[in-house]
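A.B. asks: Questions regarding the structure given below will be posed in turn.
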Amino acid sequence: MFSFVMILAMGSSSFASSDGFANFRVVNNYSIGQFSDVLPTSWYAENVQKAYEYGLVKGVDATSFNPNGNITVAETLALACRLYDIYNGGDGNFAQGTPWYQVYVNYAVHHNIISANQFADYSTKATRAQFALIMASALPVETFASINQISNGDIPDVSGYESYGVAVYRLYKAGILTGSDKYGTFNATSNITRAEVAAIVNRMADVNARKEITLLGKSIGGSELSAEQIFEKCSSSTFYIAIYDKSNQLTASGSGVFIDSSGHAVTNYHVIENAYSAVVYTNDGKNYIVEGVCDFDEENDLAILKVRGSNFSFLNIGDSTNLSTGATVFTIGSPLGLENTISQGLISSASRIIDGIQYIQITAPISPGSSGGALLNSSGELIGITSGGFTEGQNLNLAVPIHKMNSLKRTSISRLPIKTISKNASYMTCASSAVVDVDELEEITISVQQENYDGSFTVEYIIADNSVVDCEWGEWRGLDIPLYIMGLNSGRTTIQVCLYTDEDDSPIQTTTIYVTVQKIRIPFYSEAYRIPDFGKINGILPHYQKDDSYAYKLTDIRNVESSLNNYYDTLEECGYYFFHGFNDKNGNPTLMYKNPNYGKVVCLGSITLGVPCMLITILDL
């Protein structure tokens with residue numbers, strides 16, 4: 001393995017130079033008070049002025065801007081087309097026809113800002129997710145250079161794997177979006193105001209207007225959050241869970257924690273082991289059905305649930321392998337059914353072994369009903385799942401370290417009760433991910449396991465976003481069923497494959513396939529599965545290659561920063577996400593991207609082999 005000497009240009013927050021930004025210049029005169037509803041003291045006043053001067057936004061009439069009003073999908077497209085046109089040397093003016101927005105639709109489709117038929121109704125109010133998707137395609141990728149260190153999962157209500165996730169994280173990293181609160185909450189399904197639109201398009205056009213942000217939860221200089229801050233940040237991600245028996249009678253209750261926005265949650269195995277059905281109650285008073293169990297570990301007392309719903313707040317996962325005895329911790333759960341109860345204590349033993357099982361011993365009080373709740377560090381990260389304690393003695397309580405969850409899968413769902421689910425067998429199997437080119441087919445084989453299920457059955461697929469892919473079944477080959485996935489437009493989506501018996505209306509197993517559709521064919525390293533080939537992407541040969549490490553001379557790379565930013569985006573398109581970075585003794589960074597579905601990690605660093613080189617090393621998870 002090569003030793004790392006880091007490239008100073010990597011991780012830089014400076015923008016790649018681009019003449020296109022010089023095209024945004026003052027074309028309209030703006031006078032203070034021009035819009036009676038835009039006060040000079042309003043937070044958005046300067047953004048309205050700049051965006052108006054650039055010819056990007058207008059008032060609703062000569063004297064009003066309507067800052068609290070919303071815009072439609074069509075108006076969003078008009079903004080995107082003006083940005084694209086001006087950046088590329090045009091004047092941003094379009095001759096409108098009937099309907100007025102058709103010229104923008106045609107232009108946006110032609111320039112790959114949107115895809116044909118991506119939106120069913122252009123007159124509806126745009127959601128934040130729709131606005132982000134369109135804006136992220138309105139300018140070239142290299143114009144969104146990162147100035148903020150934000151990783152997948154840092155935005156409280158966007159995991160990064162939603163169809164709009166890549167676009168949202170690109171805009172946050174570039175300082176164009178900042179979120180609606182100090183945690184960076186995005187609110188994907190809500191509408192966007194005209195004041196917010198003015199701020200965003202101004203930051204799109206003027207890189208100096210972009211914002212450097214640090215989302216709460218990313219500790220600054222080792223600072224810790226107070227109990228009040230911990231509760232405010234984390235309580236919406238925990239829930240009370242009610243357990244029902246075969247007769248639909250309430251038999252028990254416990255706690256649980258959301259670990260992504262799509263409804264995956266973790267609790268104790270003993271909370272769910274006797275459930276025939278379960279319902280979770282969140283702190284906003286809503287309730288959701290537990291669809292089933294993705295995976296479980298009886299020995300370590302953990303289970304991954306799938307809760308029906310979306311856009312859940314979830315907790316960031318902390319490091320439970322390197323805890324300090326004496327550190328302050330917090331718990332949030334539902335002791336004795338008292339929902340959203342927080343307690344504070346210390347780690348009294350970072351690694352307590354009881355009957356051969358590792359626990360975190362804590363002094364934070366917990367009670368029956370706390371099982372499955374969150375154990376949090378002082379930054380509000382999830383480091384454990386509270387599971388029990390000793391009745392004799394005081395505050396001798398235990399939590400399962402969260403890293404014990406790493407071996408559990410989330411790719412399929414089996415219905416309750418949990419005791420009918422085989423840990424060593426599945427009714428059907430298939431690949432958990434697929435990468436498809438636009439206008440090309442990819443075959444996924446669904447295999448029904450005859451030794452585990454031998455009877456008549458039906459299968460069904462459900463596409464989360466029909467604008468990204470289309471599917472059709474192929475000719476069955478015994479119990480192997482080909483599913484053909486056609487890439488329609490670049491983006492990410494999921495396909496749920498459900499297996500039904502003739503006796504049941506609900507599926508006995510549901511498997512999720514994570515699909516990435518890419519605009520152009522991405523060259524991959526021939527020696528490694530689905531790893532984008534940096535050399536072929538940039539038209540250069542490795543200076544040196546050994547095993548799974550590739551070194552490229554810096555002098556061969558035409559623009560190091562732009563090439564790296566493009567490679568980061570390519571990794572994200574292929575399902576990789578940044579998860580770790582560290583500095584060497586000289587203070588230079590190493591960046592690590594991983595794709596759990598492929599079991600691979602891509603490390604980007606540097607090495608000196610006679611000349612300074614960029615180094616890419618591929619590791620197994």
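The values are calculated or read from the model by the stated rules, or taken from the named source; none is laboratory data. All of these numbers come straight from a predicted model, not from anything done at the bench. Cβ atoms come from the backbone with ideal geometry, glycine included; neighbour counts cover every protein chain shown. When the accessible area is computed, the model is the full protein with side chains, heavy atoms only, and any ligands, DNA or RNA have been set aside. Shrake-Rupley method; radii C 1.70, N 1.55, O 1.52, S 1.80 Å.
A.B. asks: Give me the Kirkwood hydrodynamic radius of region 247-352, using the inverse of the mean 1/r over all pairs of distinct Cα atoms, in Å to one decimal.
C.D. replies: It works out to 15.2 Å.
A.B. asks: In the chain, if the dipole is taken from +1 on Lys/Arg beta carbons and -1 on Asp/Glu beta carbons about the Cα centre, which of ASN106, ASN316, PRO612 is farthest to the positive end?
C.D. replies: The one lying farthest along the dipole's positive direction is PRO612.
A.B. asks: Which whole-number percent gives the relative contact order of region 350-405, counting Cα pairs below 8 Å spaced six or more residues apart?
C.D. replies: Numbers: 101 pairs, mean separation 19.0, N = 56.
Answer for region 350-405 is 34 percent.
A.B. asks: Tell me which residues come under 5 Å, amide H to amide H, from GLU339 once H is placed; ignore anything under 5 positions away on its chain.
C.D. replies: Those qualifying (amide H under 5 Å, at least 5 residues apart or on another chain) number zero.
A.B. asks: Give or take rounding to whole Å, what are the principal axis extents of the alpha carbon atoms in region 40-118, in descending order?
C.D. replies: Ordered largest first, region 40-118 gives principal extents of 41, 26, 20 Å.
A.B. asks: Using a Debye calculation, one point per C-alpha and no hydration shell, please list log10 I(q)/I(0) for region 564-621 at q = 0.16, 0.22, 0.24 Å⁻¹ in order.
C.D. replies: -0.52, -0.90, -1.01
A.B. asks: With a 1.4 Å probe and every protein chain kept in, tell me what percent of the accessible surface of region 134-223 is carbon plus sulfur.
C.D. replies: Using a 1.4 Å probe with all protein chains present, region 134-223 comes out at 47 percent carbon and sulfur.
A.B. asks: On to the next question. Give me, ordered by chain and number, the residues 5 or more places off GLN509 or on other chains with an amide H under 5 Å from its own placed amide H.
C.D. replies: So GLN509 has HN proximity to LEU499.
A.B. asks: Given the pairs LYS173/LYS536; LYS404/LYS519; LYS536/LYS594, which are separated by over 32 angstrom at their Cα positions?
C.D. replies: As for pairs spanning more than 32 Å Cα to Cα, those are LYS404/LYS519.
A.B. asks: Can you pull the percent of region 514-581's accessible area that's carbon plus sulfur, 1.4 Å probe, other chains left in place?
C.D. replies: 49
A.B. asks: Let me ask something else about it. Per residue of the chain, what 222 nm ellipticity follows from adding -39500 (n - 2.57) for every DSSP H run with n ≥ 4, rounded to the nearest 500? Working shown, then result.
C.D. replies: Working: 10 runs with 93 residues, N = 621.
It comes out at -4500 deg cm²/dmol, rounded to the nearest 500.
A.B. asks: Using a 1.4 angstrom probe, figure out how much accessible area the chain has per residue, in square angstrom, rounded to the nearest whole.
C.D. replies: Working: 27420 Å² over 621 residues.
About 44 Å² of surface per residue is accessible.
A.B. asks: Follow-up question, since we're still on this one. Please tell me the relative contact order of the chain in percent, rounded to the nearest whole number, where contacts are Cα pairs under 8 Å and at least six residues apart.
C.D. replies: 11
A.B. asks: Consider a paramagnetic label point 7 Å from the Cα of SER447 along Cα→Cβ; state which residues of region 476-500 have an amide N under 12 Å from it.
C.D. replies: 479-481
A.B. asks: Just the accessible area for TRP100, please: 1.4 Å probe, Å², rounded to the nearest 10?
C.D. replies: 100
A.B. asks: While we're here: May I ask for the distance between the Cα centers of region 589-621 and region 436-500, given as a whole number of Å?
C.D. replies: 33
A.B. asks: Using alpha carbons only, how many angstrom separate the centre of region 44-62 from the centre of region 345-416?
C.D. replies: Answer, in whole Å: 53.
A.B. asks: Additional query: Using alpha carbons only, how many angstrom separate the centre of region 507-526 from the centre of region 321-343?
C.D. replies: The distance from the Cα centre of region 507-526 to that of region 321-343 comes to 38 Å.
A.B. asks: Ok, one more. Which order do ARG477, ARG410, ARG210 take by accessible area at a 1.4 Å probe, largest first?
C.D. replies: So the residues, ranked largest to smallest area, are ARG477, ARG410, ARG210.
A.B. asks: Translational diffusion coefficient, Stokes-Einstein: compute it for the chain using the Kirkwood radius over C-alpha pairs as Rh, at 10 °C and 1.306 mPa s, and state it as an integer in µm² s⁻¹. Provide the component values of the computation, followed by the final result.
C.D. replies: Values: Rh = 26.5 Å.
For the chosen part, D equals 60 µm²/s.
A.B. asks: Right, something else. How much length would be gained if the chain were fully extended between LEU346 and LYS286, taking 0.36 nm per residue of separation minus their Cα-Cα distance, in nm to one decimal?
C.D. replies: Separation in residues times 0.36 nm, less the Cα-Cα distance, equals 18.4 nm.
A.B. asks: Can you give me the long-range amide H partners of TYR240? Hydrogens built in the peptide plane at 1.01 Å from N, cutoff under 5 Å, separation of 5 or more residues or another chain.
C.D. replies: Residues meeting the criterion, in which the H sits 1.01 Å from N, are TYR281.
A.B. asks: If I compute solvent accessible area with a 1.4 Å probe over the protein chains, what percent of it on region 317-408 is carbon and sulfur?
C.D. replies: Carbon and sulfur: 47 percent of the exposed surface of region 317-408.
A.B. asks: Kirkwood hydrodynamic radius, computed over distinct alpha-carbon pairs, for region 97-142: how many Å, to one decimal?
C.D. replies: After inverting the mean inverse Cα-Cα distance, the result is 11.4 Å.
A.B. asks: How large is ³J(HN,Hα) for each residue in region 359-366, as worked out from phi by the Karplus curve 6.51 cos²θ - 1.76 cosθ + 1.60 (θ = phi - 60°), to whole Hz, x for Gly and Pro?
C.D. replies: Those phi angles translate into 10, 9, 8, 9, 9, 4, x, 9 Hz.
A.B. asks: Now a separate question. On full extension of the chain, what length is gained from LYS125 through SER163, given 0.36 nm per residue of separation minus the C-alpha to C-alpha distance?
C.D. replies: Taking LYS125 through SER163 to full extension adds about 11.8 nm, to one decimal.
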